[in-house]
1. Using a Gaussian network model of the chain whose springs link C-alpha atoms within less than 10 Å, name the residue from Glu221, Glu213, Glu285 with the highest mean-square fluctuation.
2. What number comes out for the charge environment of Lys299, summing +1 per Lys or Arg and -1 per Asp or Glu over other residues with Cβ under 11 Å away?
3. Here are some values of Rg and Dmax of the Cα atoms in Å: [x] 37.7, 139; [y] 21.2, 66; [z] 27.8, 96. Which one was computed from this structure?
4. Tell me whether the stretch 48-135 comes out rounded, prolate or oblate; compute the Cα gyration tensor, take square roots of the eigenvalues as a ≥ b ≥ c, and use a/c under 1.5 as the rounded threshold.
5. Say we join alpha carbon atoms closer than 10 Å with springs in a Gaussian network model of the chain; which of Leu333, Leu157, Leu69 then has the biggest fluctuation?
6. Counting only DSSP beta bridges with both residues in the chain, what percent are antiparallel, rounded to the nearest 5?
7. Could you sort out which of Lys115/Lys202; Lys39/Lys63; Lys22/Lys50; Lys223/Lys299 sit more than 20 Å apart by Cα distance in this structure?
8. Among Glu154, Glu227, Glu116, whose mean-square fluctuation peaks in a Gaussian network model of the chain (Cα, cutoff 10 Å)?
Amino acid sequence: MATLSLAIIKSRPNKDGSYGIKIAVASQGSTAFISTRFKVENIKQWKAGKIVRHPDADVNNRKLRALLLEYENILDTMPNPNVSAVGVKSYLESRYCKFDSLKGYAEVYIARLEKENRVSYAQNMGYTLKYLIECFGESMSLQQFTPSALTLFEKHLRKGGSSDTTINIRMSHLKALLNAASNDGIVEYKVFPFRNYKIPTKAVRDICISKEELRKLREAEFKGVSERRHTVARDLFMLSFYCAGINLTDLMDARLDGDTITFVRKKTATKKQGEKEVSITIQPEARVIIDKYITEDGKLDFGYNYSQYEQFRSFVTKGLNKIGEELGFEKKLMYYSARKTFVQFGTNLGIPLYILEYAIGQTIKDKNNRPIHDYFKVMRPQADMAIRTIISYSMDMDEEETPIPEWARKYITKS
């Protein structure tokens, strides 16, 4: 039967001469160690499994006993504890997050996001965890989050120079994390911490480009050392626009050797209710670009051996930023501008919002307050017509910038 105890490893001092206090796991004649956040400054401050001769000895000893008890409780749930010490340690560490550790649960949650291929979101959640630990320390439990704790975290972020937009992102991450912990049964709140907390509103980025700027981008010819990078970045931007603003990660995973592109938008896959799959016809303008880079398995290959999606996304972002500067665009050009521009052009044309939402794979916001959604279903032909109309509009340089929608023309008499 495995046993647990508090220990230090006398032969392994830290660089500053201190010793980390560990949970010693003994089983089947072997021993493994689980690190804790506690330490003693020298060997004389440790005796018989306790901290001595230290100003915070009593407080830290109580915390260590509580921590040891948590691990012992986990050990009691182990189906077969008759394994090596390493096996017991692995079991304990994998389940420690269930005992209300912010850091432990957050790391498991981030790993889950990565497994779902939500790499960018996982990375950003990791940044938020860094700020949470910076504010509250590694000993913070999920149960300790209250409205007061949220206010304290917001003040910490503002003190560090974060804008309302950044605070909105961090708080949204924290809310998602606490929601997930609650749904997983890790923590139970009598009153959810965010119930009466108002997350600061983030500024809406105006990153749409005009039809003239889109024409410049479409027709631009690049030369020199940046020719290849700029061409790939521009082609991806235009392909996104022609495919209703599809996100880069969804585009890279999609099969494009057929007449249609069908995907589930990763960003909203876990939030969207009902039908999650989006299917649209590949337009001729998109097909021309796809055929330049398509492989035998129907995926896109741009000839860059980046091992991670984030590296390629950064490559595309930097390329578009530089192109925007060289072409004299009014606003910073980024990949997301394609999605924003597509929706803005659709709005200019009077295309119904629910068709645009389907085409871009967007979660319908406030659906409960829009009961009309109970009376119809958006289908691919509607989205295809909208996409075709928007692409044609983007190429018609003689068209007025905000035309009168066709359905409204018969109600208006021009003088």
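1. Looking only at Glu221, Glu213, Glu285, the biggest GNM fluctuation is shown by Glu221.
2. Result for the local shell: -4.
3. [z]
4. On the way: a/c = 3.20, a/b = 1.33, b/c = 2.40.
Taking the square roots of the gyration eigenvalues as a ≥ b ≥ c, the stretch 48-135 is oblate.
5. Between Leu333, Leu157, Leu69, it is Leu69 that shows the largest mean-square fluctuation.
6. 100 percent
7. Correct reply: Lys115/Lys202; Lys223/Lys299.
8. Glu227
Any read-out appearing in this document is the output of simple, stated calculations on the displayed coordinates, not a laboratory observation. These numbers were taken from a predicted model, which means no experiment stands behind them. With ideal geometry, Cβ positions are generated from the backbone for all residues, glycine too; neighbour counts draw on all protein chains shown.
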